[in-house]
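To start, the structure itself, in structure tokens.
The values are calculated or read from the model by the stated rules, or taken from the named source; none is laboratory data. Note that the structure is predicted; figures quoted are calculated from it, not measured. Cβ placement follows ideal geometry from the backbone for every residue including glycine, while neighbour counts extend to all protein chains displayed. Remember, those area values only see protein heavy atoms, side chains included, never the ligands or the DNA or RNA. Shrake-Rupley method; radii C 1.70, N 1.55, O 1.52, S 1.80 Å.
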Amino acid sequence: MSRAPFRIAALDAGERDRSRFDSGTPALDRYLKEQVSQDIRRRVAACFVALTDEGRIAGYYTLAAASVPLPDLPEALRRKLPRYPSVPAIRMGRLAVDVAFKGQGLGGALLVNALHRAAGIEVGAVVLIVDAKDEQAAAFYLHHGFIAITASPLTLFLPLASVSRP
Ligand SMILES: CC(C)(COP(=O)(O)OP(=O)(O)OC[C@H]1O[C@@H](n2cnc3c(N)ncnc32)[C@H](O)[C@@H]1OP(=O)(O)O)[C@@H](O)C(=O)NCCC(=O)NCCS
């Protein structure tokens, strides 16, 4: 959990400061600077940011509705689910922390915030799924209890039934 005093809120269209955001992964920085506002307007994604006391963006994540083919989930979870071809999910498409704030627990705090938010949405969703950009990112999610989807080690999920609502 984060020790620094960050406030997590929906990205405001007028949020200053996006140009400074530097996660060390240019594609994630470009997305926040150039594309996310359009995705929010088109309802393709929702974006939540961690703000410092001064209003600087220290990290962000995005959420969107998704579905997971039932055969992709492990047998132990499938047994508890109806035999639909796929089950509803929430996808955390992106998660990034600015290099200035890494290693302070913020990535973990954003992940927990996303899980509580997904568990609290009044729409059916069985799992939160994430697309790790590489093996290092997948290790971060495995460290937090996520399970890799059978066919794809870079797609991981966590059952939302195990997450308390906010
Ligand atoms: C991955 C990322 C979000 C982690 O953010 P962070 O704020 O540095 O991470 P935290 O300080 O919250 O770490 C929380 C825990 O995860 C662990 N952790 C962090 N990165 C890890 C990794 N790659 N593998 C395994 N564990 C990791 C930490 O050791 C810490 O463990 P602890 O709670 O037991 O002490 C951040 O490094 C980042 O933005 N990376 C670039 C973008 C990226 O990879 N995004 C991920 C999805 S595409």
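Taken over the range 127-144, the criterion of being open to solvent by 40 Å² or more (accessible area, probe 1.4 Å) and either modelled with pLDDT of 95 or more or not basic (Lys, Arg) (or both) is satisfied by Asp131, Asp134, Glu135, Gln136, Ala139, Phe140, Leu142, His143, His144. The combined condition, being modelled with pLDDT of 95 or more, surrounded by fewer than 21 Cβ atoms within 10 Å (Cβ to Cβ) and more than 11 Å from the ligand (Cβ to nearest atom), is not fulfilled by Pro153.
Can you find a residue that is within 14 Å of the ligand (Cβ to nearest atom), in contact with a Lys or Arg (Cβ under 7 Å, 6 or more places away or on another chain) and within 27 Å of Arg41 (Cα to Cα) anywhere in the range 115-129? Scanning the range 115-129, I find at least one residue that is within 14 Å of the ligand (Cβ to nearest atom), in contact with a Lys or Arg (Cβ under 7 Å, 6 or more places away or on another chain) and within 27 Å of Arg41 (Cα to Cα), so the answer is yes.
Residue-by-condition table, conditions (1) exposed (fewer than 15 other Cβ atoms within 10 Å of the Cβ); (2) in contact (Cβ under 8 Å) with a residue 60 or more places away in the chain:
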residue	(1), (2)
Val68	no, yes
Pro74	yes, yes
Arg83	yes, no
Gly105	no, yes
Leu111	no, no
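Under the condition of being open to solvent by 40 Å² or more (accessible area, probe 1.4 Å) and assigned to a loop (DSSP other than H, G, I, E, B), the residues counted in the range 18-38 number 2.
Take the conditions (1) within 16 Å of the ligand (Cβ to nearest atom); (2) small (Gly, Ala, Ser); (3) open to solvent by 10 Å² or more (accessible area, probe 1.4 Å); Ala96 misses just one of them, which is (3).
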